[in-house]
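Beneath this line is the structure, given in structure tokens, with notes to follow.
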Amino acid sequence: MSQDQEIEVEALGIEVSAQPIELYKVLKIANAVGGGGEAKMAIAEGYVAVNGELEQRKRRKVYDSDVIEFNEEFYVVLCDQPVTETAREPVAKSKAKNTGKSQPPVPSAPKRPAKQAKQKPAHKGGNQKSKTRPSATIGKNSDEQTGRKRLMF
């Protein structure tokens with residue numbers, strides 16, 4: 001098959017709220033894997049392709065309309081937000097040259113006074129119930145994006 005031929009496949013749309021998003025996170029959102037560790041392992045072992053090319057970088061940045069293939073399923077990333085990535089320039093570590101000029105001193109953080117130990121009041125009386133937190137309960141609403149239940153404390 002030549003590279004100029006197009007193939008039509010059915011793909012599941014994965015809606016994300018911001019782009020770029022890391023590849024392993026897309027697999028988690030799509031519920032294609034059980035968790036992030038499983039997603040990272042599948043990517044590292046070569047089971048994932050992005051836009052038709054094998055991808056082994058777990059944190060590869062994926063953008064709107066990228067197609068991900070995993071486990072004989074196709075997923076397309078959908079995002080209506082603009083790219084929020086800031087361009088970073090690589091910072092080169094260089095040794096400071098002694099040019100004879102003195103550099104201004106770096107201001108130090110203000111010093112805080114030492115913490116003093118707090119004394120707990122002695123309890124008078126016998127068997128007093130200690131204050132305990134109520135146990136976690138599952139709320140009525142679940143998170144619609146992930147399908148996970150909210151825990152309330």
Point to revise | Matching residues, segment 13-61, being of a type in the set (D, E, K, R) and in a loop (DSSP other than H, G, I, E, B) | key: Glu45, Glu55, Arg57, Lys58, Arg59, Arg60
Check your understanding: Within segment 1-45, can you find the residues that are small (Gly, Ala, Ser) and within 15 Å of Val67 (Cβ to Cβ)?
Key -> Ala11, Gly13, Ala30, Ala32
Check your understanding: List pairs: first in segment 74-85 and closer than 13 Å to Ala32 by Cβ, second part of a strand (DSSP E or B) and among the acidic types (Asp, Glu), Cβ under 8 Å, 6+ apart or cross-chain?
Key -> Tyr75/Glu69
**Study point:** Residues satisfying the stated conditions in segment 47-59, i.e. closer than 27 Å to Glu6 by Cβ and either buried (at least 18 other Cβ atoms within 10 Å of the Cβ) or not polar (S, T, N, Q) (or both)
**Key:** Tyr47, Val48, Ala49, Val50, Gly52, Glu53, Leu54, Glu55, Arg57
Practice item. Could you pull out the residue among Ala44, Ala32 that is over 12 Å from the mean Cα position of the chain (by Cα), within 16 Å of Phe74 (Cβ to Cβ), surrounded by 11 or more Cβ atoms within 10 Å (Cβ to Cβ) and of a type outside the set (Ser, Thr, Tyr)? Key: Ala32
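Where a number appears in this text, it was derived from the coordinates with a stated rule and is not lab data. Note that the structure is a prediction, hence the values are computed from the model and not measured. Glycine also receives a Cβ, built like all others from the backbone with ideal geometry; neighbour counts cover every protein chain displayed.
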